[in-house]
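A quick write-up on the structure given underneath.
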Amino acid sequence: METIASVSENIALVREEIARAARKAGRSPAEVRLLAVTKTVDDDRIREAIAAGVDLIGENYVQEARRKIELLGRPLPWHFIGHLQTNKAKYAVRLFDLIHSVDRVDLARELDRRAAAQGVPLKVLVEVNVSGEASKSGVPAREAPALVRSIAEFPRLSIRGLMTMPPWFDDPEEARPHFAALRNLADEIRRERIGNVHMEELSMGMTNDYRIAVEEGATIVRVGRAIFGERPV
Ligand SMILES: *Cc1c(COP(=O)(O)O)cnc(C)c1O
(Lines give C-alpha, C1' and ligand atoms only; values in the text may rest on other atoms or scores of the structure.)
Protein backbone atom coordinates (compact mmCIF):
# COMPACT_ATOMS: atom_id res chain seq x y z
CA MET A 1 0.00 0.00 0.00
CA GLU A 2 2.74 2.46 -0.96
CA THR A 3 1.43 5.88 -1.85
CA ILE A 4 4.26 5.97 -4.39
CA ALA A 5 2.62 3.35 -6.63
CA SER A 6 0.37 4.92 -9.20
CA VAL A 7 -3.36 4.93 -8.73
CA SER A 8 -3.86 3.09 -12.01
CA GLU A 9 -1.38 0.35 -11.04
CA ASN A 10 -3.14 -0.08 -7.72
CA ILE A 11 -6.51 -0.32 -9.44
CA ALA A 12 -5.20 -2.97 -11.82
CA LEU A 13 -3.96 -4.98 -8.82
CA VAL A 14 -7.26 -4.68 -6.97
CA ARG A 15 -9.10 -5.74 -10.14
CA GLU A 16 -6.92 -8.84 -10.38
CA GLU A 17 -7.60 -9.71 -6.76
CA ILE A 18 -11.34 -9.25 -7.26
CA ALA A 19 -11.26 -11.50 -10.32
CA ARG A 20 -9.28 -14.16 -8.49
CA ALA A 21 -11.62 -14.14 -5.50
CA ALA A 22 -14.69 -14.23 -7.72
CA ARG A 23 -13.45 -17.21 -9.70
CA LYS A 24 -12.47 -19.02 -6.52
CA ALA A 25 -16.10 -18.71 -5.44
CA GLY A 26 -17.46 -19.72 -8.84
CA ARG A 27 -18.62 -16.19 -9.61
CA SER A 28 -18.03 -13.98 -12.61
CA PRO A 29 -15.75 -11.00 -11.87
CA ALA A 30 -18.26 -8.89 -13.82
CA GLU A 31 -20.72 -9.31 -10.94
CA VAL A 32 -18.51 -7.16 -8.70
CA ARG A 33 -18.27 -3.39 -9.05
CA LEU A 34 -15.26 -1.54 -7.69
CA LEU A 35 -16.17 1.60 -5.77
CA ALA A 36 -13.22 3.93 -5.15
CA VAL A 37 -13.51 5.52 -1.70
CA THR A 38 -12.26 9.08 -2.16
CA LYS A 39 -12.65 10.70 1.25
CA THR A 40 -9.67 13.06 1.80
CA VAL A 41 -8.29 12.16 -1.66
CA ASP A 42 -7.28 15.12 -3.81
CA ASP A 43 -8.91 15.91 -7.11
CA ASP A 44 -6.09 14.82 -9.41
CA ARG A 45 -5.91 11.36 -7.89
CA ILE A 46 -9.68 11.00 -8.22
CA ARG A 47 -9.35 11.96 -11.91
CA GLU A 48 -6.67 9.29 -12.24
CA ALA A 49 -8.97 6.68 -10.71
CA ILE A 50 -11.79 7.66 -13.05
CA ALA A 51 -9.45 7.43 -16.06
CA ALA A 52 -8.14 4.07 -14.86
CA GLY A 53 -11.62 2.63 -14.92
CA VAL A 54 -13.17 2.31 -11.47
CA ASP A 55 -16.91 1.73 -11.66
CA LEU A 56 -18.13 4.02 -8.91
CA ILE A 57 -16.94 6.75 -6.55
CA GLY A 58 -17.86 6.78 -2.87
CA GLU A 59 -17.76 9.70 -0.47
CA ASN A 60 -18.36 9.91 3.29
CA TYR A 61 -19.03 13.60 3.79
CA VAL A 62 -21.69 15.61 2.02
CA GLN A 63 -19.81 18.94 1.90
CA GLU A 64 -16.61 17.38 0.60
CA ALA A 65 -18.53 15.41 -2.02
CA ARG A 66 -20.47 18.46 -3.12
CA ARG A 67 -17.31 20.40 -3.90
CA LYS A 68 -15.76 17.47 -5.77
CA ILE A 69 -18.89 16.68 -7.79
CA GLU A 70 -19.21 20.32 -8.84
CA LEU A 71 -15.59 20.25 -9.97
CA LEU A 72 -15.33 16.80 -11.54
CA GLY A 73 -18.88 16.30 -12.76
CA ARG A 74 -20.48 12.90 -13.05
CA PRO A 75 -18.47 10.79 -15.45
CA LEU A 76 -19.29 7.94 -13.04
CA PRO A 77 -22.01 7.45 -10.45
CA TRP A 78 -21.23 8.96 -7.02
CA HIS A 79 -22.37 6.97 -4.02
CA PHE A 80 -22.73 8.13 -0.44
CA ILE A 81 -21.21 5.65 2.04
CA GLY A 82 -20.82 7.64 5.27
CA HIS A 83 -23.13 8.31 8.18
CA LEU A 84 -25.89 10.56 6.87
CA GLN A 85 -27.35 13.21 9.13
CA THR A 86 -31.03 13.78 8.52
CA ASN A 87 -30.48 17.49 7.97
CA LYS A 88 -28.20 16.69 5.00
CA ALA A 89 -30.82 14.59 3.22
CA LYS A 90 -31.68 17.41 0.83
CA TYR A 91 -28.13 17.53 -0.56
CA ALA A 92 -27.74 13.78 -0.55
CA VAL A 93 -30.77 13.36 -2.81
CA ARG A 94 -29.37 15.88 -5.25
CA LEU A 95 -25.79 14.60 -5.31
CA PHE A 96 -25.80 10.83 -5.13
CA ASP A 97 -26.95 7.92 -7.28
CA LEU A 98 -27.10 5.52 -4.35
CA ILE A 99 -27.07 6.03 -0.57
CA HIS A 100 -25.45 3.01 1.14
CA SER A 101 -26.14 4.00 4.71
CA VAL A 102 -29.87 4.22 5.43
CA ASP A 103 -30.27 2.73 8.88
CA ARG A 104 -33.35 4.36 10.38
CA VAL A 105 -36.91 5.26 9.44
CA ASP A 106 -36.66 8.97 10.16
CA LEU A 107 -33.78 9.31 7.70
CA ALA A 108 -35.70 7.33 5.06
CA ARG A 109 -38.75 9.53 5.59
CA GLU A 110 -36.72 12.69 5.09
CA LEU A 111 -35.00 11.28 1.99
CA ASP A 112 -38.41 10.37 0.57
CA ARG A 113 -39.74 13.85 1.30
CA ARG A 114 -36.74 15.52 -0.34
CA ALA A 115 -36.87 13.18 -3.33
CA ALA A 116 -40.54 14.06 -3.75
CA ALA A 117 -39.75 17.78 -3.60
CA GLN A 118 -37.09 17.34 -6.27
CA GLY A 119 -39.29 15.06 -8.35
CA VAL A 120 -36.76 12.23 -8.50
CA PRO A 121 -36.63 8.61 -7.35
CA LEU A 122 -33.79 7.61 -5.01
CA LYS A 123 -31.96 4.30 -4.69
CA VAL A 124 -30.83 3.25 -1.24
CA LEU A 125 -29.18 0.38 0.60
CA VAL A 126 -30.01 -0.50 4.18
CA GLU A 127 -26.93 -0.50 6.39
CA VAL A 128 -26.82 -3.43 8.79
CA ASN A 129 -24.67 -3.78 11.89
CA VAL A 130 -24.14 -7.53 11.56
CA SER A 131 -21.59 -7.79 14.33
CA GLY A 132 -23.71 -6.01 16.91
CA GLU A 133 -20.79 -3.79 17.97
CA ALA A 134 -22.19 -0.91 20.00
CA SER A 135 -19.99 1.68 18.29
CA LYS A 136 -21.17 0.86 14.76
CA SER A 137 -23.92 2.51 12.78
CA GLY A 138 -26.41 0.31 11.01
CA VAL A 139 -29.60 -1.39 12.05
CA PRO A 140 -29.16 -4.57 14.14
CA ALA A 141 -29.56 -7.64 11.93
CA ARG A 142 -32.68 -8.91 13.71
CA GLU A 143 -34.42 -5.56 13.12
CA ALA A 144 -33.38 -5.26 9.48
CA PRO A 145 -36.35 -7.06 7.88
CA ALA A 146 -38.80 -4.80 9.72
CA LEU A 147 -36.85 -1.70 8.74
CA VAL A 148 -36.84 -2.80 5.10
CA ARG A 149 -40.62 -3.27 5.25
CA SER A 150 -41.04 0.24 6.70
CA ILE A 151 -38.77 1.89 4.15
CA ALA A 152 -40.53 0.05 1.33
CA GLU A 153 -43.61 2.15 2.15
CA PHE A 154 -41.90 5.32 0.96
CA PRO A 155 -42.84 5.67 -2.70
CA ARG A 156 -39.77 7.62 -3.89
CA LEU A 157 -37.26 5.22 -2.37
CA SER A 158 -36.13 2.04 -4.05
CA ILE A 159 -34.23 -0.41 -1.83
CA ARG A 160 -31.51 -2.11 -3.86
CA GLY A 161 -29.84 -4.24 -1.20
CA LEU A 162 -27.79 -4.20 2.00
CA MET A 163 -24.49 -2.74 3.17
CA THR A 164 -22.27 -3.61 6.11
CA MET A 165 -18.96 -2.80 7.72
CA PRO A 166 -17.69 -5.63 9.93
CA PRO A 167 -15.28 -5.00 12.81
CA TRP A 168 -11.59 -4.60 12.07
CA PHE A 169 -9.68 -7.90 12.24
CA ASP A 170 -5.95 -8.41 11.75
CA ASP A 171 -6.88 -11.61 9.98
CA PRO A 172 -9.55 -10.73 7.37
CA GLU A 173 -10.68 -14.35 7.37
CA GLU A 174 -12.47 -13.49 10.63
CA ALA A 175 -14.74 -11.10 8.75
CA ARG A 176 -16.11 -13.96 6.64
CA PRO A 177 -19.00 -14.95 8.94
CA HIS A 178 -20.15 -11.32 9.02
CA PHE A 179 -20.23 -11.14 5.22
CA ALA A 180 -22.04 -14.47 5.04
CA ALA A 181 -24.55 -13.17 7.58
CA LEU A 182 -25.32 -10.16 5.39
CA ARG A 183 -25.82 -12.40 2.35
CA ASN A 184 -28.14 -14.70 4.31
CA LEU A 185 -30.11 -11.73 5.58
CA ALA A 186 -30.57 -10.47 2.01
CA ASP A 187 -31.77 -13.94 0.96
CA GLU A 188 -34.23 -14.00 3.84
CA ILE A 189 -35.59 -10.56 2.94
CA ARG A 190 -35.79 -11.45 -0.75
CA ARG A 191 -38.01 -14.42 0.09
CA GLU A 192 -40.54 -12.01 1.61
CA ARG A 193 -41.10 -10.54 -1.89
CA ILE A 194 -41.80 -7.06 -0.59
CA GLY A 195 -42.89 -4.65 -3.30
CA ASN A 196 -40.37 -1.91 -4.13
CA VAL A 197 -37.51 -3.99 -2.67
CA HIS A 198 -34.77 -5.43 -4.91
CA MET A 199 -32.24 -7.39 -2.89
CA GLU A 200 -29.60 -7.37 -5.59
CA GLU A 201 -26.68 -5.43 -4.10
CA LEU A 202 -24.39 -6.47 -1.27
CA SER A 203 -22.05 -3.57 -0.47
CA MET A 204 -19.31 -5.13 1.64
CA GLY A 205 -15.53 -5.38 1.78
CA MET A 206 -12.82 -2.72 2.21
CA THR A 207 -9.05 -2.67 1.67
CA ASN A 208 -8.24 -5.31 4.26
CA ASP A 209 -11.06 -7.74 3.57
CA TYR A 210 -12.55 -7.16 0.10
CA ARG A 211 -11.25 -10.50 -1.24
CA ILE A 212 -13.19 -12.37 1.43
CA ALA A 213 -16.26 -10.21 0.79
CA VAL A 214 -16.15 -11.09 -2.92
CA GLU A 215 -15.94 -14.79 -2.06
CA GLU A 216 -19.03 -14.29 0.11
CA GLY A 217 -21.09 -12.54 -2.56
CA ALA A 218 -20.24 -8.82 -2.55
CA THR A 219 -21.54 -6.94 -5.60
CA ILE A 220 -19.89 -3.64 -4.59
CA VAL A 221 -16.55 -3.48 -2.78
CA ARG A 222 -15.61 -0.12 -1.24
CA VAL A 223 -11.86 0.32 -1.51
CA GLY A 224 -9.87 3.37 -0.44
CA ARG A 225 -6.33 2.73 0.81
CA ALA A 226 -5.46 -0.08 -1.60
CA ILE A 227 -6.05 2.41 -4.42
CA PHE A 228 -4.91 5.74 -2.99
CA GLY A 229 -2.54 4.79 -0.17
CA GLU A 230 -2.92 5.59 3.50
CA ARG A 231 -5.09 8.55 4.38
CA PRO A 232 -3.70 11.44 6.42
CA VAL A 233 -4.67 11.02 10.07
C1 LIG B 1 -13.30 4.69 4.49
C2 LIG B 1 -14.34 3.69 4.15
C3 LIG B 1 -14.08 2.63 3.28
C4 LIG B 1 -12.72 2.36 2.67
O5 LIG B 1 -11.81 1.88 3.62
P6 LIG B 1 -10.33 1.46 3.17
O7 LIG B 1 -9.81 0.73 4.32
O8 LIG B 1 -9.59 2.73 2.87
O9 LIG B 1 -10.47 0.62 1.94
C10 LIG B 1 -15.13 1.78 2.96
N11 LIG B 1 -16.36 1.94 3.47
C12 LIG B 1 -16.65 2.93 4.32
C13 LIG B 1 -18.02 3.06 4.86
C14 LIG B 1 -15.64 3.83 4.69
O15 LIG B 1 -15.94 4.81 5.56
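The values are calculated or read from the model by the stated rules, or taken from the named source; none is laboratory data. The structure displayed is predicted, hence computed values, not measured ones. Quick reminder, even Gly has a Cβ in these numbers, built from the backbone with ideal geometry, and neighbours come from all protein chains shown. Areas reflect the complete protein model, heavy atoms only, side chains present, ligands, DNA and RNA absent. Shrake-Rupley method; radii C 1.70, N 1.55, O 1.52, S 1.80 Å.
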request  = Quantify, in whole percent, the carbon and sulfur part of the accessible surface of region 30-178 (1.4 Å probe; protein heavy atoms only).
outcome  = 49 percent
note = Residue separation between Phe169 and Thr86 times 0.36 nm, minus their alpha-carbon distance, gives in nm 26.8 nm
request  = Please compute P(r) over all alpha-carbon pairs of the chain, binned at 5 Å starting from zero, and give each bin as a whole-number percent.
outcome  = 1, 7, 15, 19, 20, 18, 12, 7, 2, 0
task = Provide the solvent-accessible area of Ser135, counting protein heavy atoms only and rolling a 1.4 Å probe, rounded to the nearest 10 Å².
result = 100 Å²
message = How much of the pair distance distribution for region 1-88 lies past 15 Å, counting alpha-carbon pairs only, in percent?
response = 62 percent
message = I need the calculated FRET efficiency for the pair Ala180 and Arg67, taking r as the beta carbon distance and R₀ as 35 Å, to the nearest 0.05.
response = 0.40
ask   = What share of Cα pairs, in percent, lie more than 13 angstrom apart in region 169-208?
value = 57 percent
Percent of C-alpha pairs per 10 Å bin, region 99-183, short to long = 19, 46, 24, 10, 1
inquiry  = Take the chain, mark every one of the trypsin sites (Lys or Arg not before Pro) that falls in a DSSP loop and has at most 16 other Cβ within 10 Å, then report the longest stretch left between them, sites excluded.
reply    = 40-192
query = Dipole magnitude of region 40-179 about its Cα centre, charges +1 at Lys/Arg Cβ and -1 at Asp/Glu Cβ only, in debye to the nearest 20?
reply = 820 debye
ask   = What is the Cα radius of gyration of region 68-111 over 2.2 N^0.38 Å, N being its residue count?
value = 1.17
request  = Go through region 118-208 and name the chymotrypsin sites (Phe, Trp or Tyr not before Pro) that are in a DSSP coil and have 12 or fewer other Cβ atoms within 10 Å of their Cβ.
outcome  = Trp168
request  = Write down, largest first, the equivalent ellipsoid semi-axes of region 17-154 in whole Å, where each equals the square root of 5 times an eigenvalue of the alpha-carbon gyration tensor.
outcome  = 25, 22, 14
ask   = What's the local net charge at Gly224, with K and R +1, D and E -1, over the other residues with C-beta under 9 Å away?
value = +4
